[in-house]
Amino acid sequence: MQRSTGLLLATALCLSAAACGSSESPSSTAGGAPSVTITVACQPAKSAPKERQAWDDDVAAFMKAHPGVTVKSTDQQPCFDPKTFGPKLAGGQMETVFVVPVTNYDDVISQGQALDVSQYTSLIKNWNDLRPDVRELVTRDGKVYGVPNVHYSVGLVYNRKLFTQAGLDPDAPPTTWAEVREAAKKIAGLGPGHVGYGEYSGGNTGGWHFTQAIYGRGGAVLTDDGKKAAFNSPEGKAVLQNLHDMRWVDNSMGNKLLVGWESLMMAMGSGKVGMMLGAPDVVTDVVNKFKGNVSDYGITGFPEAKASLSGGEAFMINPKATPEQAKAGMEWLDFRYNTVGKGRFDFARGKTLGNPVGVPDNDVYGDSPTGKAIQADREKNATLPVANYGPYVRAAATIAPKAEPKHAQELYAILDVAMSGVLSRQDANIDELLGDAQTKADAMLAAKG
Amino acid sequence: MGIVRRNLTAYGFLCAALFCFTVFAWYPMVREFILSFQKTDLINPPDWVGLDNFKAAVRDPAFGEAWLNTVEFTLLALLCGYAVPFVVALVLNELRHARAYLRFVVYLPVMLPPIVAVLLFRWFFDPGPGLFNQVLGFLNLPPLAWLDSSSTALISLVIVSTWMNMGSATLIYLAALQNIPPELYEAAELDGAGIMRRIRHVTIPQTRLILLLMLMLQIVATMQVFIEPYMLTGGGPENATVSVAYLMYQFAFSQMNYGQAGALGMMLMIVLLVFAAFQLRTTREDA
């Protein structure tokens, strides 16, 4: 008995190991036409049953319209997770169609982790209406590696309710940094726990927001040839000096360092933070994920903006996909993400589901005919106070988008130090912080070639 | 042949154990060793790059700070995490009442998932309504910035780590203490030894091997500190809490530079191997 138990265990382990290594085999439809199975990322989580049902309905409708194509969905949240991205690709578990944030375009494309989809772009019916500068972000040497899905520029998200309580006019949000500073002081003066202006300082988010701020002031992170750091400049110093003064002179930034994306979002959702740099999706996330009251939030243009860091995401195709899978994947993207009134642009359905509709969180189609049609449909079905986002929409149209610097994550890690320096030390020497960061960045860039 | 047949069950279990170790421990180590000499995107065949990954890791701006922070964290964690559990175990061993209850209380933090414990401490350290500053205020002491100052962030992480890991160490020390023959203490008492002399001349010599083993295990564990800086400080402020393991994570999953992460991992492994070998040799000589 004992002997057989041991053997059984060993056999079971061997069998389970073999099972782990197995893979699906191709098949064909009853009519003999080759069938193809694709996996697609970003199915809503089970905790959002209405959205998930809407997704499943879309999958069913797509499969009905495309006989022979089977769509399998994955609901990993967030859709893109850098921690699992490489291992999933290497282990053959990456979806056929996956999403990549703009921050990671360079890494994914340069490492050959996305398929060249140039020959399939015609499958996206509105391809030519996508903003050319956004398409350029997924293009390398004339080859297209993705379908832009979301694009936005950075603005100033603010809490209208706090503005009112502090005696400020929520319909006339700040347009200069001096006005931001004054407004922050008044909001912080509302009492303990109130923060006039929130900002990140670590986990690479500090460097990311420094880049947003320096771009907005007309500065740069790297020289034009990308070989040297360019942030040790008057614009860079102004960014840090302004933060330092708000934190230590005005005492309008609270006394807690904020590390990581969710820390500031959580604070914003609590309704005690007056302003932060952010895109319209901040409003959506604050409302959906951090229990913020939707009517409290507005967004305006970046103060004194000369340029804006591009944000967003694109869908890419697994480099291991067969031509049939790549074609089916692009058809799915066209159906679900790029058709007016369908899939994610089915705002009427979103309204019936109770989703927040109306946030101008995506200008991937710009003011093209498709973009105008989407915007009109969005406004028609809006469930949110769209007037609150008017200042942002008007400002964003006039600000030039600017792409992230090369080696963004390495640079953000370096710039985190300067950001946390001014926000954690009253005696921080800004020249020294920027000088040290420049030395480190130059060394890193030289090593990267 | 007969012996083999008789021991078939044992071989079955041995194979299963070897299989698990091979797949989940040895193979990843070998793979990491190979990876540290390669440049790979995990898709295309990797390129052999010699020592480039090691050079790049050493040249990283945070490399020196990461090692200094890790060594400082290890020393501070040992100071607290090595001595405190031993003292707690001594006290628990001397108790006559409520010993089981207190043992449970001491071990309780180990049963909490590390993430939960870390999030709990995030609230304790909050410079506003946090528990620690409330206590300081109650004692008429000025508040501290805890995680938000480069001068207190690392020691704050040590406090978290000590609290999280103290229970296991205490129980191991307690088990060792309970194995000391009581007649040794009786003899010492008859010789007029007080409590300090009993600890010095009976307890410590009798638990010497466990103490040395725990020293090695704790150094190996604390040198790999990751969860605390990852969850609480993001390596900041001003890189004051960047550890070697955190930097490794940054290389691999922020910068997608798996080879460089592997190289740094190999460096850490070599340092720990050298230390462990030295420690084992010392222990063997003492034994």
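Each value in this text was obtained by applying a stated rule to the coordinates, not by laboratory testing. Here the structure is a predicted model, which is why all the values come from computation and not from measurement. Note that each Cβ is placed from the backbone with ideal geometry, even for glycine, and that neighbours are counted across all protein chains shown.
Results, tabulated for the structure shown:
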| item | result |
| --- | --- |
| Evaluated over the stretch B:53-286, the Cα radius of gyration and Dmax, each in Å | 20.5, 66 |
| For A:Asp431, A:Asp346, A:Asp171, order by how many other beta-carbon atoms lie within 10 Å, fewest first | A:Asp431, A:Asp171, A:Asp346 |
| Set of the stretch B:92-106 residues, backbone N closer than 19 Å to the point 7 Å along the Cα-Cβ line of B:Glu189 | B:92-99 |
| Distance between modelled label sites at B:Leu14 and A:Gln119, nm, 7 Å Cα→Cβ extension | 5.6 |
| Rg in Å to one decimal, and Dmax rounded to a whole Å, for the stretch A:28-137 via C-alpha atoms | 15.9, 44 |
| Descending semi-axes in Å of the stretch A:333-440, equivalent ellipsoid built from Cα gyration tensor | 41, 17, 14 |
| Mean separation of Cα contacts under 8 Å (6+ apart) over length of chain A, as relative contact order % | 23 |
| Cα-only radius of gyration and Dmax that characterise the stretch A:107-188, units Å | 21.0, 57 |
| Extreme residue, positive dipole direction of the protein assembly as shown, given options A:Val99, B:Val160, B:Tyr107 (C-beta unit charges) | B:Tyr107 |
| Potential extension, B:Ile270-B:Arg208 segment - 0.36 nm per residue separation minus Cα distance | 19.7 nm |
| Extension gain, A:Ala172 back to A:Lys351 (0.36 nm per residue minus Cα-Cα distance, nm) | 61.6 nm |
| Karplus-derived HN-Hα couplings along the stretch A:437-449 (A = 6.51, B = -1.76, C = 1.60, θ = phi - 60°), whole Hz, x at Gly and Pro | 4, 4, 4, 5, 5, 4, 5, 5, 5, 5, 5, 6, x |
| Inverse of mean 1/r across different Cα pairs in the stretch A:143-252, Kirkwood, Å | 15.9 |
| Ratio of the Cα radius of gyration of the stretch B:138-241 to 2.2 N^0.38 Å, where N counts its residues | 1.53 |
| Residues in the stretch A:326-359 that a label on A:Ala61 would reach, taking backbone N under 11 Å of a point 7 Å out along Cα→Cβ | A:335-337, A:339-350 |
| Residues of type lysines that A:Lys46 reaches as a straight line, Cα spacing below 16 Å, ignoring anything fewer than 8 places off in the same chain | A:Lys72, A:Lys289 |
| Using distinct alpha-carbon pairs, which all enter the 1/r mean, Kirkwood radius of the protein assembly as shown in Å | 29.2 |
| Cα long-axis angle, helix A:369-380 against chain A (0 to 90 degrees, to the nearest 10) | 70 |
| Proxy reagent accessibility, fewest Cβ within 10 Å first, across A:Phe315, B:Phe253 | B:Phe253, A:Phe315 |
| Residue order, fewest to most beta carbons within 10 Å, for A:Cys42, A:Cys79 | A:Cys79, A:Cys42 |
